[in-house]
């Protein structure tokens, strides 16, 4: 059922239109336009310094100087504060994790808890119980009373994702989930994103590892120096040698 059959497609959960961002006088993002639909996993790809993390930060209101339109769940959020955006149901997992090292795993998870959510059509949102988080990350269930400072980098990454999911987001922004963690954790991150996808969650992830992205993403956008160079299916990107050599090869 689509527009060709006379039925309009539902509006995207997240839509960027001509998003620009600056750090001081440095113009980092140039007229970025992209969309993420309900139940979609979308990869934002590019080399280091391409602008992937800046895009996620600009969406969350963490870049002070920006222009353009950002729509989330029908709300214009480009002028809202990060805490207001989070309350609308947009979850953000930063690359640097930002856990509370002096708190236990259990306490870190509790800091992210928000009320259950309901979709605009009245259906229940993807609301996460403690048990659902532990089923997604069995490692965390075995160390609930451990100080977060005593966890490995990969375990801290899982904790950050779990804490964000406790806020019951409609859409998860995931920054470089495979960066700097052991291969076994990368495999768990793949399993985690596929589990979210199976539940109907939406994810926008920044990533430079095409082998990781191809396992989880439906569509991809490719950035180079803050400019979008590709938009299309994930498999089409995998098969496009020219795009990969030009904008993703190291």
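The values are calculated or read from the model by the stated rules, or taken from the named source; none is laboratory data. In this text the structure is predicted, and so the values were computed from the model without any measurement. Because the Cβ atoms are built from the backbone with ideal geometry, glycine has one as well, and the counts that use them run over all protein chains shown.
Note down all Cβ pairs under 8 Å where the first residue falls in segment 142-164 and is on the phi > 0 side of the Ramachandran plot, the second is exposed (fewer than 14 other Cβ atoms within 10 Å of the Cβ), and they're at least six residues apart or on different chains.
none
Of the conditions (1) out of contact with any strand residue (DSSP E or B) (no Cβ under 8 Å at 6 or more places or on another chain); (2) touching a residue at least 60 places away in the same chain (Cβ under 8 Å); (3) under 21 Å from residue 46 (Cα atoms), residue 183 fails just one. Which one is it?
Going through (1) out of contact with any strand residue (DSSP E or B) (no Cβ under 8 Å at 6 or more places or on another chain); (2) touching a residue at least 60 places away in the same chain (Cβ under 8 Å); (3) under 21 Å from residue 46 (Cα atoms) one by one, residue 183 breaks only (2).
Would you call residue 117 surrounded by 19 or more Cβ atoms within 10 Å (Cβ to Cβ) and more than 21 Å from residue 94 (Cβ to Cβ)?
no
Restricting to segment 174-192, give me the number of residues that are over 22 Å from residue 129 (Cβ atoms) and not in a loop (DSSP other than H, G, I, E, B).
Total meeting the criteria: 7.
Out of the residues in segment 162-171 that are surrounded by 24 or more Cβ atoms within 10 Å (Cβ to Cβ) and touching a strand residue (DSSP E or B) at 6+ places or on another chain (Cβ under 6 Å), state the one that is nearest to residue 197 (Cα to Cα).
Once the filter is applied, the top-ranked residue is 171.
May I ask you to say which residue of 226, 122, 180, 200 is at pLDDT 90 or above, surrounded by fewer than 16 Cβ atoms within 10 Å (Cβ to Cβ) and on the phi > 0 side of the Ramachandran plot?
122
Could you count how many residues in segment 213-223 are farther than 19 Å from residue 242 by Cβ and surrounded by fewer than 21 Cβ atoms within 10 Å (Cβ to Cβ)?
Selection size over segment 213-223: 2.
If I ask for residues that are surrounded by 15 or more Cβ atoms within 10 Å (Cβ to Cβ) and more than 17 Å from residue 146 (Cβ to Cβ), which ones from segment 87-111 would you list?
Residues satisfying the conditions are 88, 89, 90, 91, 92, 93, 94, 95.
Are any of the residues in segment 52-59 at pLDDT below 95 and either farther than 30 Å from residue 242 by Cα or within 13 Å of the chain's Cα centre (by Cα) (or both)?
The answer is no; no qualifying residue exists.
Please find, among 188, 157, the residue that is at pLDDT below 90 and farther than 22 Å from residue 90 by Cβ.
From the options 188, 157, the qualifying one is 188.
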